[in-house]
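Notes follow the structure.
The values are calculated or read from the model by the stated rules, or taken from the named source; none is laboratory data. The shown structure was predicted, so the numbers you read here are calculated from the model rather than taken from an experiment. Cβ placement follows ideal geometry from the backbone for every residue including glycine, while neighbour counts extend to all protein chains displayed.
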Amino acid sequence: MENILDVVIIGSGPAGLTAAIYASRAELEGIVIEKSGMSGGQIINTYEVDNYPGIPGVSGFELANRFREHCDKLGMEFAEGEVERIDVAENGVKTVHLEGGKEYKTKTVIIAGGVKMRKLEVPGEEELSGMGVSYCATCDGAFFKGRDVAVVGGGDVAVEDAIFLARVARKVYVIHRRDEFRAAKSLVRRLLEMDNVEIIWDSVVEQINGSDMVTGLCLFNKKTGEKRELTLDGVFVAVGNIPLSKSYEGVLELDENGYIIAGEDCQSSVPGIFAAGDIRTKPLKQIITAAADGANAVTAVEKYINEASGSF
């Protein structure tokens, strides 16, 4: 008889790893599907996490390792792969198809695939990616020690990146299309206290200059109409995220931005499929809310399985 799992968890960021912990403790038979051999999602690229209760100042990499170690201690199984699609049978059994032909049959699915970085979509960005254009300050910041760089964005990630870069770079320009930051006030205060940071308000990047390496930016001030050029060595893009939900189009209900529509119980538009973490519609996307989603999703999974126990 073909084995049908209790739950397949897609994604190994904070939501997926928390779901794995709770599923293990609930003695559910399951597996976590992750795209690479590195668990943690986007937090592995976070230099410092200062708002996770009980462990202020922990690095994102260390926090991710603690999550994964907890999963391993409880015996949760992990597999590497990219999800291609999910099929739902009439009896409610879901088949999770991976690229390459591998598939898992399961009673429930928790989608915790997260998001990817949004790009500027301006001339020079693609051509100079990896040659001065970066989307991860903690990954690439060390290459710009003593040099001039820019951070594009105004949210928490952009401000955190600028603070990190100001410790190593000679000069950091922060380019924001509005006249105030959306980031937490505590982060903004730390940023504004740094002597080597200059804020350029109301401005957008029109072009990234350079041939073999980044040499500068062309900026446009949305309020004054003024154009200017900055000479610098690198640009770090932090202008938001795009949900990794393409594999679920046509199966689940998504909002206009591609996020999976699901409430606090993480239930999607398809019974037995749940969305947790940054990939679902919710106002606050933080590590702690992702972890909470993982716990809520497993609670909903248990309820669903109990109520549908005779169907599978």
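Restricting Leu191, Leu252, Leu232 to those that are more than 27 Å from the chain's Cα centre (by Cα) and surrounded by 16 or more Cβ atoms within 10 Å (Cβ to Cβ) reduces the list to Leu232. Across the stretch 15-52, the qualifying residues are those that are among the small types (Gly, Ala, Ser) and assigned to a loop (DSSP other than H, G, I, E, B), and the one among them that is farthest from Leu74 (Cα to Cα) is Ser36. When the stretch 1-21 is filtered for residues that are in contact with a helix residue (DSSP H, G or I) (Cβ under 7 Å, 6 or more places away or on another chain) and surrounded by fewer than 24 Cβ atoms within 10 Å (Cβ to Cβ), the ones remaining, listed by number, are Asp6, Ile21. Restricting the first member to the stretch 228-251 and to residues that are without any contact (Cβ under 8 Å) to a residue 24 or more places away in the chain, and the second to residues that are part of a loop (DSSP other than H, G, I, E, B), the beta-carbon pairs closer than 9 Å and six or more apart or on different chains are Lys246/Gly258; Glu249/Gly258.
Okay, residues lined up against (1) in contact with a Pro (Cβ under 7 Å, 6 or more places away or on another chain); (2) closer than 20 Å to Ala290 by Cβ; (3) not in a loop (DSSP other than H, G, I, E, B):
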site: Glu84; (1), (2), (3): no, no, yes
site: Thr95; (1), (2), (3): no, no, yes
site: Val109; (1), (2), (3): no, yes, yes
site: Gly113; (1), (2), (3): no, yes, no
site: Leu120; (1), (2), (3): no, no, no
site: Gly146; (1), (2), (3): no, no, no
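Scanning the stretch 266-312 for residues that are under 23 Å from Arg182 (Cβ atoms), surrounded by fewer than 21 Cβ atoms within 10 Å (Cβ to Cβ) and not basic (Lys, Arg) turns up Thr281, Pro283, Leu284, Gln286, Ile288, Thr289, Ala292.
The number of residues in the stretch 258-286 being over 20 Å from Arg25 (Cβ atoms) and not in a loop (DSSP other than H, G, I, E, B) comes to 7. Checking each residue in the stretch 182-222 for being assigned to a loop (DSSP other than H, G, I, E, B) and either within 23 Å of Phe164 (Cβ to Cβ) or outside the structural domain of Val172 (by TED's automatic domain parsing) (or both) picks out Arg182, Ala183, Ala184, Glu193, Met194, Asp195, Asn196, Trp201, Met213.
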